[in-house]
Structures are given as structure tokens and as C-alpha cells.
Amino acid sequence: VQLQASGGGLVQPGGSLRLSCAASGSFFSGNTMGWYRQGPGKGRELVALITSGGSTYYVDSAKGRFTISRDNARNTVYLQLNTLKAEDTAVYYCNAGNSAWRDYSYWGQGTQVTVSS
């Protein structure tokens, strides 16, 4: 399994970023995928999910601001971040999206998002 997130950076409040995560084909194909994040001094939390068919789910803090999408041909999942707030500052990761995500031992490379003026 390989998971590599990218696209993070430093952005001002109200700004936007688009995150990408490339996954190995056997892991990605047919699976629900999710974006997760871990803020400074905080535990990891779920942000959004997308099924193989494109159905989506967002936690309340992401609704209306973030958009998850996927390209099944490229084994890649995306997270468009809009109207960013300081509290969105975190390392963002992608992984499979099922109820056991808290027990995952492998998280791959995350990408740092810092929202600051």
C-alpha cells in the first residue's frame, strides 16, 4: 500500500488549496476513500469520504467549504479546500474510508496545511 498526499502549503484565512492523494491501484480500486487531518496537539479526525461511485460525506466543519472528488483512472482522490480558517491548520492524510479508520496502522505521507495571516 502506498498513500502520498500533496498540495498543502501556507495560505491566508479565506484562501483555497487543492489537495491530491495518489494511492496504489489495488488499494484504491472499488474502495471508499477518505480525507483525514490532525491539527497541532489534536487527535486525527475524519474530514470527508467518497465512495467508488462518487457518493460523498462531510463532517459538519467541512460542509459547504470542502469538496472531495476522485479520479478512478488515476487512483487519486482530491480535496478542494475553500474559505479556509485558522482551525483548518493540520496535516492532511488520505486513507481508506471505513469505520475502522481509527485503528489503521499505516497512514502514508500527509501534507501540511497552514492557515495564517
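Things to note:
- Just so you know, the Rg over Rh for the chain is 0.94, from Cα atoms, with Rh as the Kirkwood radius.
- Here the accessible area of region 1-45 is 44 percent carbon and sulfur, with a 1.4 angstrom probe and all protein chains present.
- Over the chain, dividing the summed -39,500 (n - 2.57) contributions of all DSSP H runs of at least 4 residues by the number of residues returns a 222 nm mean residue ellipticity of -500 deg cm²/dmol.
- Relative contact order (percent, whole number), the chain, Cα cutoff 8 Å, 6+ residue spacing: 37 percent
- Think of a 1.4 Å ball rolled over the protein heavy atoms: the chain then has 51 Å² of accessible area per residue.
The values are calculated or read from the model by the stated rules, or taken from the named source; none is laboratory data. Values in this document were obtained by computation on a predicted structure and should not be read as measured data. Note: areas computed on protein heavy atoms with side chains; ligands, DNA, RNA excluded. Shrake-Rupley method; radii C 1.70, N 1.55, O 1.52, S 1.80 Å.
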